[in-house]
2 protein chains.
Amino acid sequence: MTKSDSKPSEELILNSAMKVFTRRGFAAARMEEIAKEAGINRALLHYYFRDKETMFNLIFETQFKEFFSGIGSILNTNKPLFEKIKEIVTHEIDVLSRHPDLPRFIITEVALQPERLIQYGQKMGINPRQILEVFNQQVEQEVRQGKIIQIEGRQLLMNIMSLCVYPFAAKPIVKTMMQMDEKTFNQMMMNRREGIYQFIIKAITP
Amino acid sequence: MTKSDSKPSEELILNSAMKVFTRRGFAAARMEEIAKEAGINRALLHYYFRDKETMFNLIFETQFKEFFSGIGSILNTNKPLFEKIKEIVTHEIDVLSRHPDLPRFIITEVALQPERLIQYGQKMGINPRQILEVFNQQVEQEVRQGKIIQIEGRQLLMNIMSLCVYPFAAKPIVKTMMQMDEKTFNQMMMNRREGIYQFIIKAITP
DNA sequence: TAAAATTTTGACCAAAATGTTAGAACAAAA
DNA sequence: TTTTGTTCTAACATTTTGGTCAAAATTTTA
């Protein structure tokens, strides 16, 4: 809020920018609000970062990484399926508990400019085709071996992601509808970490 | 696009407004774009509807109803649990297939102004407390009777909603990551209607 | 401590977006 | 066909917002 802390302005600005951009999205974010949040003059934003779009791109990139890199590297191991699922669930819930605005931010901004996804995806060396292919193979194999019921890899993956991500994406709705305050919401998500895992395993074990 | 069809302008404008607002959200929506989409002059928007905000509220209300009313009335019956689940899933997938932008729109706009949710909720007589209470009771009962495994009502409800809604909310991401075109996406969602139901039932049957 | 470099700001500018209005075009009624 | 009322538009006004710049304040360095 106040600048008093002797943190270098550049970093201080980026922090404020992150808050405001993730809270409001690009279109509704105001340079004024970012400046105020950082406790500095608006012109200073332009001194450190050329313009709104440049700032936004920096923020988007870090958020994008935060959202995708983890799951990507988990999927790319050759651990057994159940273990992967466990890791994805715990990882997602943990990350999103720390950054609850993340999914909504990514979702809306990608919807507004889908080309970003491809662009940044390439930039950080994500290859969806390959990741998906590996996961599909693994699921198919376990199906054939009778370890899990018949299910498409991508449907399973989508189920996992849905169960983890949706409550955060829709957090303001969920909180109101289920009449939870911040604390109970967080508690519920903590319970969910184990709950979802059980739910999925139960659903796919023959 | 063109106005040629002799439809009354008022309705025509609302249609365009709906498209643009759901596509871009309030902040990124441009009056100009709405006018162009309707094939009319920008000033006419103000002739029929006072200003941007008034227009937006009308759109938001209809979208809000579309999103919530169905599930509300399904939950408010006293059918058996599995039947309810089946109905919710099919209903959600059907509605969202017709209005794929709906969840993202509601989610982002509610996040931007959470008071809307309460306001419009009351306006259309939705009582979350009561709805949730009924569902909780029902789940608890089935748990006690040993018909389903131990699970919290709200967790189950959240799972159901997550599995249905998330793929649409994150549609642009899902499409890109899983390399699907519009058609395959829709097909996948159709398969999902049955798939999710099986998944949930399997997960909660003892 | 004086000079040089840097950070920071207030004042201003330009562009973009919303909103207003006088009157043209059109339709309906007399 | 004139008159009256409604629908629509072009041009204008206003507001909001992002961005620039010269100079003040501060820090660094000589």
The number of residues in the range A:114-131 that are within 19 Å of A:Ile59 (Cβ to Cβ), facing another protein chain (nearest Cβ under 10 Å) and assigned to a helix (DSSP H, G or I) is 5
Of the conditions (1) within 10 Å of DNA strand C (Cβ to nearest atom); (2) surrounded by fewer than 19 Cβ atoms within 10 Å (Cβ to Cβ); (3) part of a helix (DSSP H, G or I), the single one that B:Phe26 does not satisfy is (2)
Conditions (1) farther than 18 Å from A:Ser162 by Cβ; (2) in contact (Cβ under 8 Å) with a residue 12 or more places away in the chain; (3) not in a helix (DSSP H, G or I) -> B:Lys79 fails only (2)
query: Has the range B:68-85 got any residue that is in contact with an Asp or Glu (Cβ under 7 Å, 6 or more places away or on another chain), within 16 Å of DNA strand C (Cβ to nearest atom) and not basic (Lys, Arg)?
result: no
Within the range B:8-30, residues within 12 Å of DNA strand D (Cβ to nearest atom), among the aliphatic types (A, V, I, L, M) and away from chain A (no Cβ under 14 Å) come out as B:Leu12, B:Ile13
Those residues of the range B:36-53 which are within 12 Å of B:Leu14 (Cβ to Cβ) and either more than 8 Å from DNA strand C (Cβ to nearest atom) or outside any helix (DSSP H, G or I) (or both) amount to B:Glu37, B:Ala38, B:Tyr48, B:Phe49
Within the range A:99-113, residues at the interface with chain B (Cβ under 9 Å from one of its Cβ atoms) and crowded, with 19+ Cβ neighbours inside 10 Å come out as A:Asp101, A:Pro103, A:Arg104, A:Ile106, A:Ile107, A:Thr108, A:Val110, A:Ala111
Considering the range B:68-83, residues that are more than 12 Å from chain A (Cβ to nearest Cβ) and touching a helix residue (DSSP H, G or I) at 6+ places or on another chain (Cβ under 6 Å), and then whichever is farthest from B:Ala169 (Cα to Cα), we arrive at B:Leu81
Looking across the range B:132-175 at residues that are assigned to a helix (DSSP H, G or I), of a type in the set (D, E, K, R) and surrounded by fewer than 17 Cβ atoms within 10 Å (Cβ to Cβ), the single one that is farthest from the other protein chains (Cβ to nearest Cβ) is B:Arg144
Counting only residues in the range A:36-58 that are within 14 Å of chain B (Cβ to nearest Cβ) and surrounded by 14 or more Cβ atoms within 10 Å (Cβ to Cβ), the one farthest from DNA strand D (Cβ to nearest atom) is identified as A:Phe56
Reported set for the range A:166-192 where residues are under 17 Å from the mean Cα position of the chain (by Cα) and either over 27 Å from B:Leu112 (Cα atoms) or among the polar types (S, T, N, Q) (or both) is A:Asn186
**Asked** When you look at A:Ile74, is it of a type outside the set (Asp, Glu), within 20 Å of the chain's Cα centre (by Cα), within 21 Å of A:Gly125 (Cα to Cα) and crowded, with 17+ Cβ neighbours inside 10 Å, yes or no?
**Response** yes
From the option list A:Gly195, A:Gly146, A:Gly125, single residue qualifying as among the small types (Gly, Ala, Ser) and on the phi < 0 side of the Ramachandran plot is A:Gly195
Filtering the range A:177-191 down to residues that are within 8 Å of chain B (Cβ to nearest Cβ), part of a helix (DSSP H, G or I) and buried (at least 18 other Cβ atoms within 10 Å of the Cβ) yields A:Met177, A:Met188
Of A:Glu87, A:Glu66, A:Glu33, A:Glu61, the only residue that is in a helix (DSSP H, G or I), surrounded by fewer than 19 Cβ atoms within 10 Å (Cβ to Cβ) and within 13 Å of DNA strand D (Cβ to nearest atom) is A:Glu33
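Taken together, the values in this text are just the output of simple stated rules run on the coordinates, not laboratory data. Small disclaimer: the values here were computed from a predicted structure and weren't measured. No Cβ is skipped: glycine too gets one built from the backbone with ideal geometry, and neighbour counts run over all protein chains shown.
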